[in-house]
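Enquirer: Could you have a look at this structure, given as structure tokens, before my questions?
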Amino acid sequence: MDCLRFDVRIFRWIVVAVVVLLVATGGYVWYNYQHFVSGITHVDAISHSNAPAKDLDGADQNILLVGDDHRPAGATAQQLAELGTTADGGGTNTDTMMVLHVPADGRKATLISFPRDSWVNIPGFGMNKLNAAFAFGSENGGGDAGGARLLISTIQNLTGLTIDHFVRISMLGFYDVVKALGPVNVCLNNAVNDPYSTVNLPKGVSTLNAQQALAFVRQRHGLPNGDLDRIVRQQYFLSVEARQVLSAGTLLNPVKLQNVLDAVSSSIQTDPGLDLIALAAQLHGLSADNLSTATIPVSGTPTITVDGNDVSIVQVDTAAMPSFIHSVVGNPSAYVNAKAAAPSTVTVTVLNGSGADGRAASNTATLAALGFKTGTPGTTATTPTTTIEYASGMESAAKAVAAHVPGATVSATSSVSGVTLVLGADGVQATSASASTGGASGTSGSSGSPGSPAPAPTPSTPAKTYAQGACIN
């Protein structure tokens with residue numbers, strides 16, 4: 001039954017991205033916008049405690065894209081039979097989760113994938129798999145809005161990102177969109193024949209119909225890292241589909257484009273504040289060549305025991321998360337545009353995650369001598385990268401600290417209420433010498449000498465793009 005459920009949900013992440021891509025490329029020249037938006041269901045996903053609304057103009061945007069097995073109202077027995085899901089009642093576990101990061105200038109975009117089995121802290125429910133957060137929020141009286149808000153809170157706490165908008169896609173929508181888009185070409189470095197997913201393809205280029213494409217992105221058996229490699233397959237396939245969506249064969253074919261958009265609009269939920277026209281303006285000029293993909297850093301896929309049962313999970317590398325997020329999205333526009341505050345107006349607390357004794361106290365003394373107000377120094381788990389963590393709205397204060405911690409990464413996060421300097425094993429420390437007023441660069445030092453030049457970090461899973469015609473394993 002699990003294989004059957006996965007068969008029908010595997011493409012939905014494509015559809016979510018298709019919504020944004022089609023809007024961003026001006027596809028509405030061929031389509032009545034009001035007809036499109038009339039089919040969209042709105043859900044109050046963005047609460048004031050999660051992320052206050054902000055204008056698209058001049059601001060970075062983070063859009064949470066999720067897919068699950070929920071059945072849209074009005075789905076017919078014939079449609080469900082066509083999907084092969086008549087024996088499956090569906091569910092609300094969000095087994096596809098991505099954050100689309102759109103910089104303020106809109107010149108590029110990055111999709112950050114979250115493995116469904118990521119072992120995370122879900123507020124109010126403790127440690128569990130990430131794909132359970134939406135179901136917990138929904139089933140405990142919150143409905144779709146409660147599920148969305150709990151998932152958003154979980155991802156914000158995990159990454160430090162602020163989620164500005166929410167898009168949810170149904171399985172029927174992704175299926176209809178894939179059919180509307182038509183055959184797609186993929187390229188493999190080696191032939192594959194996996195009886196579990198039924199993928200059977202030669203080395204080189206193959207043209208896939210919907211059924212073959214489903215098998216292609218399903219495959220995990222025979223891949224070195226199982227589900228994690230399957231995410232790579234899906235990211236690659238998304239890149240290929242993006243090129244097809246952005247091609248003249250789709251954008252200049254009004255019948256094909258309308259079929260795709262009809263399928264999408266009838267099967268998505270968004271927060272009421274998501275203005276697709278404004279997003280289109282921000283993403284004007286987006287191409288498949290500047291759409292990157294990345295996966296959050298993980299340290300393994302262990303099996304743990306929970307309440308006496310063995311559970312396979314994906315262990316998130318939380319220590320590497322700040323540098324990973326920074327390497328993907330850079331400093332948010334609010335930080336870049338902020339003017340550094342006067343040290344005398346800033347309180348900073350230093351935590352030692354370097355593994356070396358006495359660092360928190362010595363760095364606290366350095367910052368105090370520079371005029372900063374300081375909290376009680378402390379220790380934290382060993383972390384590889386020195387990070388200045390700050391609460392949203394404290395960009396000026398964080399920038400003031402960053403000016404004296406050259407090489408540190410900066411990270412907005414809801415896990416702190418002020419500004420916290422977390423010292424890492426990279427040896428980066430506070431110094432009386434002032435760095436560039438641009439603030440922290442997101443790099444980490446290797447010599448341990450305060451103020452020394454710092455090479456760029458290498459995240460566990462750097463963002464990547466797939467060139468046209470690229471082949472994968």
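The values are calculated or read from the model by the stated rules, or taken from the named source; none is laboratory data. For clarity, every value in this text was computed on a predicted model and none was experimentally measured. Neighbour counts are summed over all protein chains in view; Cβ atoms, including those assigned to glycine, are modelled from backbone coordinates with ideal geometry.
Enquirer: What is the one condition in (1) modelled with pLDDT under 90; (2) of a type in the set (Phe, Trp, Tyr); (3) touching a helix residue (DSSP H, G or I) at 6+ places or on another chain (Cβ under 7 Å) that TYR196 does not satisfy?
Expert: (3)
Enquirer: Exactly one condition in (1) closer than 30 Å to ASN259 by Cα; (2) buried (at least 24 other Cβ atoms within 10 Å of the Cβ); (3) at pLDDT 85 or above is false for ARG149; which is it?
Expert: ARG149 satisfies all of (1) closer than 30 Å to ASN259 by Cα; (2) buried (at least 24 other Cβ atoms within 10 Å of the Cβ); (3) at pLDDT 85 or above except (1).
Enquirer: Turning to a different aspect of this structure: Quick one: which residue in ASP289, ASP310, ASP275 is of a type in the set (D, E, K, R), closer than 21 Å to LYS464 by Cα, out of contact with any Asp or Glu (no Cβ under 8 Å at 6 or more places or on another chain) and in the same structural domain as ILE163 (by TED's automatic domain parsing)?
Expert: Numbers: ASP310 fails: closer than 21 Å to LYS464 by Cα; ASP275 fails: closer than 21 Å to LYS464 by Cα.
So the residue among ASP289, ASP310, ASP275 that is of a type in the set (D, E, K, R), closer than 21 Å to LYS464 by Cα, out of contact with any Asp or Glu (no Cβ under 8 Å at 6 or more places or on another chain) and in the same structural domain as ILE163 (by TED's automatic domain parsing) is ASP289.
Enquirer: Counting residues that are within 30 Å of GLY330 (Cα to Cα) and touching a strand residue (DSSP E or B) at 6+ places or on another chain (Cβ under 9 Å), which strands (runs of 3 or more DSSP E) fully inside the range 141-229 reach at least 1?
Expert: Working: elements: 165-169, 184-188, 192-194, 199-201, 204-208.
By residue number, 165-169.
Enquirer: Suppose we keep only residues that are free of Cβ contacts under 8 Å to residues at least 60 places away in the same chain and under 19 Å from ALA365 (Cα atoms) within the range 380-401. Which one would you say is surrounded by the fewest Cβ atoms within 10 Å (Cβ to Cβ)?
Expert: Here the answer is THR380.
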